[in-house]
1. For A:ILE96, which sequence-distant residues (separation of 5 or more, or a different chain) have an amide H within less than 5 Å of its own amide H, given hydrogens modelled in the peptide plane?
2. Per residue of the stretch A:11-27, in order, report the coupling 6.51 cos²θ - 1.76 cosθ + 1.60 (Karplus, θ = phi - 60°) as ³J(HN,Hα) in whole Hz, putting x for Gly and Pro.
3. Based on other C-beta atoms within 10 Å, arrange A:THR182, A:THR51, B:THR21, A:THR21 from fewest to most.
4. Go through B:VAL227, B:ILE77, B:LEU123 and say which Cα lies farthest out towards the positive end of the charge dipole of chain B; charges sit on Cβ, +1 for Lys and Arg, -1 for Asp and Glu.
5. What list do you get for A:ILE123, A:ILE199 if you sort them by fewest beta carbons within 10 Å?
6. Just to check I understand the Karplus step: with θ = phi - 60° and J = 6.51 cos²θ - 1.76 cosθ + 1.60, what whole-Hz values come out for the stretch A:132-146, glycine and proline as x?
7. Tell me, which cysteines of chain A are without a disulfide-compatible partner by the Cβ under 4.7 Å rule?
8. Just the Cα atoms of the stretch B:1-46, one point each, no solvent: what log10 I(q)/I(0) does Debye give at q = 0.17, 0.19, 0.29, 0.30 Å⁻¹?
Amino acid sequence: MKFKLEIWRQFETGEEGHFETFEVDGIDPEASFLEMLDQLNERLTGEKRRTVAFDSDCREGICGSCSLVIDDTPHGPRQVTSCQTYMRDFEDGSTIRVEPFRSTSFPVIRDLVTDRGALDRVIQAGGYTGATTGPQPEPNSMPVAPEVQERAMDAAICIGCGACVAACPNGSAMLFTGAKVTHLNLLPQGQPERANRAIAMVDQMDQEGFGGCTNFGECSRVCPQEISLDVIGMLNREYRRGRLGKRPKDPPAMRAQ
Amino acid sequence: MIPVADFWNSTVGKKTVVAVTGTILVGYLILHMVGNLNSLFGPGGAEPRVDWYSGWLREIAEPLFPYAGVLWLARVILLGSIVIHITGVLQLNSRNRAARPSRYPARRIGRSWESGTMLVSGLLVLAFIIFHILQFTTLSITVTPLEHGAVYFNLYNAFQEWYFVVIYLAALVLVGIHLRHGIWSLVQTLGLDSPARNRGIRYGATALTLVIVIGFALVPVLFWTGVLGAPETEAAIASLAGGTA
């Protein structure tokens, strides 16, 4: 397959960037988007030109390193991470625009690589538990109802890629923060820090310069893990209860079958 | 630091305040709409029902409150809610703009157009509210004859003119656009949603919006189509015959 690529080039943070056009040929339809970029970079190395910098790590859709906006959509057209986007999903001979995830809180480091440390600092503010590690506890000593476990795990699958921020017209990180708060506040291990978790994480989110939620729902539509907008409702609820000094409602207890 | 200031300064807290004031305003809209339906009882001879209702609004809780006391209390609460609602929204909006490099990305991914035009629909509704108060509360827009206390008479005259009917219906469409996203959004912001309830909340928001818009629209439409007849009070007949305003 053959493509024309318009790729964002920016040598370092703060520098004015621009789009540069590259032609690639002989691309296997089964190649992933990142493998296609690898081929381009090999050619550029051969020509002694500066390669296109982009983030990648696991290349199997679970690490959250990819940060490409492909044709104006974070991660590309298929609602999966960029590494799981395949060239067969694009029309042969078409022009593809590639940009980094953008947000005032995600400065571009080089080309398609962004600094998403802001999300790490939101995690540091409250996305942890004080549960002791070590030998596994006896499972029946801490029963978790199946519905609670399902909701918590549906939120816990967030890989922290930041596509939600890149998609949001307000540059809001509410889906990310909501997923973390939902995950930890529903499970027994997260209870000791529960009252303060949402407050601490929202405060950090605001300090990092992320915008607020206006319930557009675009974050959820690009999320490769399909995190539901419900987690934002949960975050709002936990934040309000924490601020008003009310003890948050316990997750439903196990019932005898 | 004062907890209230902390709450107001966070994006989530400020949005919660916007949602609470929005709830107050939606609640008022429902009461206003139900009150308006009094005019559907027609001219009703000596005193139209809607005129009696307007008088009653001023006499609520007398002598505990002074004449029109409750009415003024409601007006103060509403004005406060509107001011806080708009201040919060404008502050959040400037923060949201700052959080994002300009003009990126071009493609919007499936948000409803109502949600994307909340600021515009809200500001247009504000302009309409000012016009509406000038017309029927302070009686300052005297294109058609207006008289104090003669609600039915005032409505009848105003809605004989097609342009007033158009203005009111257009404003109602804007209110509907604002409410369809607003009602659902406030439930989400207050965290009253749950995965099991969300579908119901979405449909409920649309249904409530329709009830409010249709309830309000009945009044101008029924006057315009002539279903609601001319006022029958002596003063009104004299006024219409003499052409005094």
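1. Here A:LYS4, A:LEU5, A:GLU6 satisfy the definition.
2. Running phi through 6.51 cos²θ - 1.76 cosθ + 1.60 with θ = phi - 60° gives 5, 8, 4, x, 6, 5, x, 7, 8, 10, 9, 10, 10, 10, 9, x, 8 Hz.
3. Starting with the residue having the fewest Cβ neighbours, the order is A:THR21, A:THR51, B:THR21, A:THR182.
4. Checking the options against the dipole of chain B, the answer is B:LEU123.
5. Placing the least packed residue first, the sequence is A:ILE123, A:ILE199.
6. For the stretch A:132-146, the Karplus-derived couplings read 5, 8, x, x, 5, x, 4, x, 6, 7, 9, x, 10, 5, x Hz, x marking Gly and Pro.
7. A:CYS66, A:CYS83, A:CYS158, A:CYS161, A:CYS168, A:CYS213, A:CYS223 - these cysteines have no disulfide-compatible partner (Cβ-Cβ under 4.7 Å) in chain A.
8. -0.62, -0.69, -0.94, -0.97
FYI, it's all coordinate maths here, none of it is from the lab. Quick caveat, the model's predicted, so the values are computed rather than measured. Note that each Cβ is placed from the backbone with ideal geometry, even for glycine, and that neighbours are counted across all protein chains shown.
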